[in-house]
Amino acid sequence: VRLINARIQNFKLLESLEIEFSVDPDKPLTLIRAANGSGKTSLLYALRWSFYGMEGLPPQAADRRLSASFSTPGVPVEIQARIEFEHYDDVSRTRSRFRLIRSVTETPGLEDTVDRGPEILRLLRITSSGEEEMDGAQGIISRIIPSRLASIFFTNGDDVQQFISGHIESPRRQNAVHEAIRMLLGMDQLEIADRDLDKVLGSLKREMAGSGGGDLEAIIDELEKANDALDESTSRHKLESDRLARIDSAIEEDEKELTGLRGIGDIDEINRRIDALERDIKTLKGQEQSSLDGMKALLRSEATSWTLMAPELSSGLRLMRGLADRNVIPGTSLEVLRDRVELETCICGESLSEGSKALERVLELFQEQKEIEPVRAKQTQTWHLARQSHEAFLAEVDRGGSLQNQRNSTLSAYTDAVHGRQGKESDLEAEKARRSMIKEERVQELVRRIATARVKLSECNRALGEALRDISTQQTTVNQFNEEFKKAEARSKISAELSARRDAVEDLREVTRQTLTILKTDHVARVSEHMNRLFLDIVGSDPELDASVFKGVKIESDFDIIVQAGGGRTLDPDFELNGASQRALTLAFIWSLMAVSGKEAPRIIDTPLGMTSGGVKRRIVEMVSTPSESHADFQVVLLMTRSEVRDVEDLLDEWAGKSITMSCSKDYPKDLVSDWGVEHPVVRACSCDHRESCDTCRRHYDQTRGIAQRKA
Amino acid sequence: MSWRGDSNSLLSVAKDQVLGIPERYSGYRMDLVNLLVQVISLQSTESADVSRRREAKKLVSAFGDEAARKRKGTGK
């Protein structure tokens, strides 16, 4: 198949897009330059849809609209893809041109729903006398460019690891490799031919028995019964294999969704974390309150007064000490004076007799003392309290418990508690948000479905085993009857024509089976060797050098692609292979398969050079642009960003026969220079190549990167 | 898809394998390879098993009859 042109209408933002593909064998590359979000992936999907319908799109696309998301609800939109391509017929050795038209009408509803009508597919053969409508269009397309090989022909560079990624379940990955090899090497065609020839041989033998009579008829009856039983077992095996593949696929889908949901977290575990966080928050709030209380007590404490008002209080203390030293405090006791008066003798021994001067003086003193007693009592009390308080303060300071230290320690405990609480509250909020995202019922449903599917898988495997055993036994029986038939045939008279027909079928079947055997062994090895050479060349690794990281890559007998490092070690493609090498390996596999099979189809790659740079980047472009042998139909379509184009411009000059640039109006004014004056985002194409820009596609940084301005 | 040259294709393998078949008349092996191509190509036009096998039998029968005629000519 060689693509000639494509016209896409109303597919996502591709409102009206026309592309001419390069059919120049010397410049087999078609370059579609587009920035991120400018329609590269939409175009890849549009091409896949045009060939395969919804089957060609990712499963989740079935529920999504093909038309633009801003389409007016209730207004039908016709989505259409018209692809013109050439196909070279192997048998007639003639080249035919076809036009494929796929269309569907979508009526957008509210809230992103869509009512999609039936798809209409037409395939027209273009001849010199006009166009001829082909019956069974999808069947013809499937034979020309099988949907099972869609990932070979239409590759998303960001998703190229399906043949190698350890993230993909090993049987599925091996199956992808096996399927690609089988289809491209033509093994499936040979297997169908082999079954057809078996049937033809059976039919011929029946004719021979009819003409030979006798033993032959009896034997052919038995042989047919044995063949029928073998057919039944073979069909059963195929049914179970298909069923197994379907169950396997369903399990993978469910597990993918479950992993996504569980990636958010396990609901029980999240609830446990929420409980623990709530407990921690309560404890921290208690610590916070306790620190605040401590701080309040500290502020109220005498130590704070002694620290903050040290000069004033010290001065007061000194004054009081002076009063004490002068025995002003504590003051003379009124009780003592009263006792002295009653005893009529002073402490000094003088008589305090009635009318004496001494008594008069003591009574004056008594009166005086009586007047000042409350003040002095207070002074005394204050003096004692102040002295004790000061001594306690000094002792505390000696122990290192200064106000500053106590303040710092309390404040630190408080801030720790506050920060701790805030952190826990934030965690709590996140956990609660996570919990709200988990659709627990869906998780339970998926778990149930996977468990049920696994039981079915196990039943399927058992049934497959039984079918294989039956096939083996029945094959032996068929072989025995065939031997008997030959012996009986030798005894009977069969016409030369019938014998020649039988010989032809048997010879043809022998060639078919031997060819199949060679393809399964020798050719898989050739794909493996070819891939190894290409890969090592791209990554610039010489396996003979001790310092080289890669020693080689190969396809194992179980169809796993493995990467070999020094010391007999194999590398994990996900963790030990960088993005550029992963891309190089997958592309090397696809290119090797095409080269060894000798079959040709367009290879359309979205973002082929992401994550690559330098020599690897250049060598990838060289590999994908260079046909391995005859290059009549060799065709490569690369959908690249400006960053990918950088540093390989000279190679694109050499290999690109056609170039276009796609831009999206949403990039104005941030990146695009010109305002297209459109109401909704739309993707447009211009004929600028990788060294040019025009009013439609010019971006602000183009001039600084040497991209020349061109008049549109 | 189209065959691109014969050196790497299924056909080239089949051409090697046919050498193990007796040359029942001069050119028999090459005719057999061409017959294989025709039988395989029926898959492109006849998707139903019954009709495809009927067509295959017609092709093989015609081939066998022609082979018988040529074999008589050569005495093999």
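For the stretch A:210-228, the count of residues that are charged (D, E, K, R) and either in a loop (DSSP other than H, G, I, E, B) or under 49 Å from the mean Cα position of the chain (by Cα) (or both) is nonzero. Only strands (runs of 3 or more DSSP E) whose full extent lies in the stretch A:102-161 are considered here, and the ones with at least 3 residues that are more than 13 Å from every other protein chain (Cβ to nearest Cβ) and β-branched (V, I, T) are A:120-127.
Could you tell me whether any residue of the stretch A:613-623 is among the β-branched types (V, I, T) and crowded, with 21+ Cβ neighbours inside 10 Å? Even if it seems obvious, please write down each step before you answer.
Step one: list which residues in the stretch A:613-623 are among the β-branched types (V, I, T), which gives A:616, A:620-621.
Filter once more, keeping what is crowded, with 21+ Cβ neighbours inside 10 Å: A:620-621.
Checked against the condition, which is being among the β-branched types (V, I, T) and crowded, with 21+ Cβ neighbours inside 10 Å, the stretch A:613-623 yields at least one hit.
Counting only residues that are surrounded by fewer than 18 Cβ atoms within 10 Å (Cβ to Cβ) and among the aliphatic types (A, V, I, L, M), which one in the stretch B:14-32 is farthest from the other protein chains (Cβ to nearest Cβ)? Filtering first and then ranking leaves B:M30.
Every residue, every condition in (1) surrounded by 21 or more Cβ atoms within 10 Å (Cβ to Cβ); (2) touching a strand residue (DSSP E or B) at 6+ places or on another chain (Cβ under 6 Å), yes or no:
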residue: A:I605; (1), (2): yes, yes
residue: A:G610; (1), (2): no, no
residue: A:P627; (1), (2): no, no
residue: A:T641; (1), (2): no, no
residue: A:R646; (1), (2): no, no
residue: A:G657; (1), (2): no, yes
residue: A:W676; (1), (2): no, no
residue: A:V682; (1), (2): no, yes
residue: A:D702; (1), (2): no, yes
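A search for C-beta distances below 8 Å between a residue of the stretch A:642-666 that is within 15 Å of A:T41 (Cα to Cα) and any residue that is assigned to a helix (DSSP H, G or I) and of a type outside the set (K, R), counting only pairs 6+ apart in sequence or on different chains, returns A:M662/A:L43.
Check whether at least one residue in the stretch A:86-95 is of a type in the set (D, E), assigned to a strand (DSSP E or B), over 20 Å from A:G56 (Cα atoms) and within 14 Å of another protein chain (Cβ to nearest Cβ), and report yes or no. Yes - at least one qualifying residue is present in the stretch A:86-95. Output yes when any residue across the stretch A:438-460 is under 30 Å from B:V33 (Cα atoms), open to solvent by 50 Å² or more (accessible area, probe 1.4 Å), away from chain B (no Cβ under 14 Å) and of a type in the set (A, V, I, L, M, F, W, C), and no when none is. For the stretch A:438-460, residues under 30 Å from B:V33 (Cα atoms), open to solvent by 50 Å² or more (accessible area, probe 1.4 Å), away from chain B (no Cβ under 14 Å) and of a type in the set (A, V, I, L, M, F, W, C): absent. Of the residues making up the stretch A:253-270, those that are in a helix (DSSP H, G or I) and open to solvent by 50 Å² or more (accessible area, probe 1.4 Å) are A:E253, A:E255, A:K256, A:E257, A:T259, A:R262, A:G263, A:D268, A:E269. Against the list (1) open to solvent by 10 Å² or more (accessible area, probe 1.4 Å); (2) within 14 Å of chain B (Cβ to nearest Cβ), the condition A:Q635 fails is (1). Being of a type in the set (S, T, N, Q) and farther than 16 Å from A:N156 by Cα is the filter; apply it to the stretch A:557-603 and report the residue that is nearest to the other protein chains (Cβ to nearest Cβ). Across the stretch A:557-603, the extreme among qualifying residues is A:S597.
Per-residue answers, yes or no, for (1) over 30 Å from A:E191 (Cα atoms); (2) in contact with a Lys or Arg (Cβ under 8 Å, 6 or more places away or on another chain); (3) among the small types (G, A, S):
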{"position": "A:L244", "(1), (2), (3)": "no, no, no"}
{"position": "A:T283", "(1), (2), (3)": "yes, no, no"}
{"position": "A:L298", "(1), (2), (3)": "yes, yes, no"}
{"position": "A:A310", "(1), (2), (3)": "yes, no, yes"}
{"position": "A:A324", "(1), (2), (3)": "yes, no, yes"}
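So A:L31 clears everything in (1) open to solvent by less than 60 Å² (accessible area, probe 1.4 Å); (2) within 16 Å of A:I140 (Cα to Cα) except one condition, right? Which one? The number of the failed condition is (2). Residues to consider are A:V596, A:V524; find the one that is modelled with pLDDT of 85 or more, surrounded by 19 or more Cβ atoms within 10 Å (Cβ to Cβ) and among the β-branched types (V, I, T). The match here is A:V524.
Taken together, A:A430, A:A451 contain a single residue that is closer than 25 Å to A:L277 by Cβ and without any contact (Cβ under 8 Å) to a residue 24 or more places away in the chain, which is A:A430.
Would you confirm, using the coordinates I've provided, whether B:S41 is within 7 Å of another protein chain (Cβ to nearest Cβ), outside any helix (DSSP H, G or I) and at pLDDT below 90? Here the answer is no, as B:S41 does not meet what is asked. The number of residues in the stretch A:488-518 that are within 26 Å of A:V553 (Cα to Cα) and either away from chain B (no Cβ under 11 Å) or in contact with a Ser or Thr (Cβ under 9 Å, 6 or more places away or on another chain) (or both) comes to 0. Could you count how many residues in the stretch A:533-588 are open to solvent by 80 Å² or more (accessible area, probe 1.4 Å), among the basic types (K, R) and farther than 24 Å from A:I604 by Cα? Within the stretch A:533-588, residues that are open to solvent by 80 Å² or more (accessible area, probe 1.4 Å), among the basic types (K, R) and farther than 24 Å from A:I604 by Cα number 1. So A:F481 fits all but one of (1) of a type outside the set (D, E); (2) over 29 Å from A:E222 (Cα atoms); (3) in contact with a Leu (Cβ under 6 Å, 6 or more places away or on another chain); what number is the exception? Status for A:F481: all satisfied but (2).
The values are calculated or read from the model by the stated rules, or taken from the named source; none is laboratory data. Since this is a predicted model, take the numbers as computed values, not measurements. In this analysis, Cβ positions are derived from the backbone assuming ideal geometry, glycine residues included, and neighbour counts consider all displayed protein chains. Heavy atoms of the whole protein, side chains included, go into the accessibility calculation; ligands, DNA and RNA do not. Shrake-Rupley method; radii C 1.70, N 1.55, O 1.52, S 1.80 Å.
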